[in-house]
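Have a look at the structure below, then the notes.
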Amino acid sequence: MAEEPDGGPGAHSELIHLLRKVTVEFGLRQAEFAARNGMHPTDVRALICLLDAERAGTAATAGLLGARLGLHSAGTTAVVDRLVRLGHVTRTRDPRDGRRVLLAVDERAVELGRAFFGPFIGAADAVLRGLDARETDAVRRFLTAAHEAVARPPEGGPGPGPT
């Protein structure tokens, strides 16, 4: 029997609260990583966006980054300038279109992230390795749907930028 959508006690409510706990803790770890490395929390989000674009094979530009972070052009420029100054991001001309500037995360920044977040990623990976294909698929479906729900603009107000 499915739980009532009123948020009462039950397995579904517990899972939603656990997801919230994970996101809050992850946000705290991101802020801690930023502080330890002389960055603003938005800088960490920018690095994640750039790494996600790279994994997806998407050309990372300031426009893409600004849209994903919900920043105007001046704010995006400030983030990129900070990350370049810290040596975490490089700017290069697009070889196919010299007017376009591509952004890439420097390997040193990847190593900093790996050193800090590696234990969390390793622990999560170990849990996932213990799941069978059906369980993994269920987790994927839940996280995908939860992400879509959070990324959807709330009724009557603006939502986050594209993901």
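The values are calculated or read from the model by the stated rules, or taken from the named source; none is laboratory data. The structure presented is a predicted model; accordingly, all values stated were derived computationally and were not measured. Neighbour counts run over all protein chains shown; Cβ positions are idealised from the backbone, glycine included. Accessible surface areas use protein heavy atoms only, side chains included; no ligands, DNA or RNA. Shrake-Rupley method; radii C 1.70, N 1.55, O 1.52, S 1.80 Å.
Kindly indicate whether Asp106 is in contact with a strand residue (DSSP E or B) (Cβ under 9 Å, 6 or more places away or on another chain) and without any contact (Cβ under 8 Å) to a residue 24 or more places away in the chain. Judged against the criteria, Asp106 is a match. When you look at Phe26, is it open to solvent by 50 Å² or more (accessible area, probe 1.4 Å) and outside any strand (DSSP E or B), yes or no? Spelling it out, Phe26 is indeed open to solvent by 50 Å² or more (accessible area, probe 1.4 Å) and outside any strand (DSSP E or B). Total residues in the stretch 133-152 satisfying the condition of being open to solvent by 50 Å² or more (accessible area, probe 1.4 Å) and either touching a strand residue (DSSP E or B) at 6+ places or on another chain (Cβ under 7 Å) or among the hydroxyl-bearing types (Ser, Thr, Tyr) (or both): the figure is 1.
Among the residues of the stretch 147-154, some residue qualifies, meaning at least one is of a type outside the set (D, E, K, R), at pLDDT below 95 and part of a loop (DSSP other than H, G, I, E, B). When Arg96, Arg100, Arg91 are screened for being of a type outside the set (A, V, I, L, M) and either under 15 Å from Asp43 (Cα atoms) or in contact (Cβ under 8 Å) with a residue 24 or more places away in the chain (or both), only Arg100 passes.
Checking each residue in the stretch 92-132 for being open to solvent by 50 Å² or more (accessible area, probe 1.4 Å), charged (D, E, K, R) and not in a helix (DSSP H, G or I) picks out Arg93, Arg96, Arg99, Arg100, Asp132. Just wondering, is there one or more residues in the stretch 53-74 that are free of Cβ contacts under 8 Å to residues at least 40 places away in the same chain, touching a Pro at 6+ places or on another chain (Cβ under 9 Å) and open to solvent by 70 Å² or more (accessible area, probe 1.4 Å)? For the stretch 53-74, residues free of Cβ contacts under 8 Å to residues at least 40 places away in the same chain, touching a Pro at 6+ places or on another chain (Cβ under 9 Å) and open to solvent by 70 Å² or more (accessible area, probe 1.4 Å): absent. Hey, any hits in the stretch 80-91 for a residue that's assigned to a loop (DSSP other than H, G, I, E, B) and among the small types (Gly, Ala, Ser)? Checking the stretch 80-91: at least one residue is assigned to a loop (DSSP other than H, G, I, E, B) and among the small types (Gly, Ala, Ser). Within the stretch 29-62, the set of residues being farther than 18 Å from Ala78 by Cβ, among the small types (Gly, Ala, Ser) and not in a helix (DSSP H, G or I) comprises Gly57, Ala59.
Is it the case that some residue within the stretch 139-160 is more than 21 Å from Ala34 (Cα to Cα), more than 17 Å from the chain's Cα centre (by Cα) and of a type in the set (Lys, Arg)? Scanning the stretch 139-160, I find at least one residue that is more than 21 Å from Ala34 (Cα to Cα), more than 17 Å from the chain's Cα centre (by Cα) and of a type in the set (Lys, Arg), so the answer is yes.
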